[in-house]
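The values are calculated or read from the model by the stated rules, or taken from the named source; none is laboratory data. None of these values were measured; they are calculated from a predicted model. Glycine also receives a Cβ, built like all others from the backbone with ideal geometry; neighbour counts cover every protein chain displayed.
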């Protein structure tokens, strides 16, 4: 009976290993294997772009000026395009998607209708979420730790916060009541602030979710933030130790 158990465990382990290797091989087809780790400078540009536009920006520029926000998102889309070297087909699809998103973002600036705003921000959220997942997958599948992997992990975390703020904005526009308390009308930076404060589980309490959707998103952001930090740090430390042992 014990022998049969060991055989079953061995077969089960082999099955899951083969499935993992299969998934890894298929996933890696998204990236250009030869150049995927050569884009650390582009990752650094994206990091600087996020920090300046969404963290330093609110104190330097007029808050929530429509033109500045539109330029901000355009720079974010353009800088996020080149953070990873994708396979040719994926690159073409991503390029088309980014152009489409930029067109809608600028359309919302020139024609500030509610429907266009919701469409443009929904497309932007989907696009940035795709980039975020790509960065996380890239970090997870990497065999060693280098500058590009570190920047990818940081950018993935920051993009999660930006995605959260966009989701809050969309939710607020679709709702008849405010999603957050004590928020100023059309204040996107307040959504950014709340999203990052929740993602880091800091929670000052000056802005609080008052709708069911807002509370659900707040819970999702706080859980995601904790899991991201715990899992990503564990993976990075594991890869670093593995490389050190091999040397």
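Being farther than 19 Å from residue 123 by Cα and surrounded by 21 or more Cβ atoms within 10 Å (Cβ to Cβ) holds for only one residue in 218, 140, and it is 218.
Check whether at least one residue in segment 155-167 is surrounded by 15 or more Cβ atoms within 10 Å (Cβ to Cβ), farther than 23 Å from residue 226 by Cβ and touching a residue at least 12 places away in the same chain (Cβ under 8 Å), and report yes or no.
no
When 246, 148, 182 are checked against the criterion of being modelled with pLDDT under 85 and surrounded by 18 or more Cβ atoms within 10 Å (Cβ to Cβ), 148 stands alone in meeting it. A single member of 89, 78, 67 is out of contact with any helix residue (DSSP H, G or I) (no Cβ under 8 Å at 6 or more places or on another chain), surrounded by fewer than 20 Cβ atoms within 10 Å (Cβ to Cβ), at pLDDT below 90 and part of a helix (DSSP H, G or I), and it is 89.
Is it the case that residue 100 is at pLDDT below 90, farther than 30 Å from residue 233 by Cβ and part of a helix (DSSP H, G or I)?
Working: at pLDDT below 90: no; farther than 30 Å from residue 233 by Cβ: yes; part of a helix (DSSP H, G or I): yes.
Here the answer is no, as residue 100 does not meet what is asked.
Does residue 39 count as under 23 Å from the mean Cα position of the chain (by Cα), surrounded by 11 or more Cβ atoms within 10 Å (Cβ to Cβ), at pLDDT below 80 and farther than 25 Å from residue 161 by Cβ?
Taking the combined requirement at face value, the residue does not satisfy it.
Of all residues in segment 96-113, those that are on the phi < 0 side of the Ramachandran plot and touching a residue at least 40 places away in the same chain (Cβ under 8 Å) have Cβ atoms under 8 Å from Cβ atoms of residues that are in a helix (DSSP H, G or I) and surrounded by 12 or more Cβ atoms within 10 Å (Cβ to Cβ), 6 or more apart or on another chain, in 109/66; 109/70; 112/66.
Among the residues of segment 111-131, how many are assigned to a helix (DSSP H, G or I), touching a helix residue (DSSP H, G or I) at 6+ places or on another chain (Cβ under 9 Å) and surrounded by fewer than 20 Cβ atoms within 10 Å (Cβ to Cβ)? Don't jump to the end; show me each part of the working.
So the first thing to find is which residues in segment 111-131 are assigned to a helix (DSSP H, G or I), and the list is 114-131.
When the remaining residues are screened for being touching a helix residue (DSSP H, G or I) at 6+ places or on another chain (Cβ under 9 Å), the result is 114, 116-131.
Next, from what is left, pick out any that are surrounded by fewer than 20 Cβ atoms within 10 Å (Cβ to Cβ): 114, 116-119, 122-123, 125-126, 129-130.
Selection size over segment 111-131: 11.
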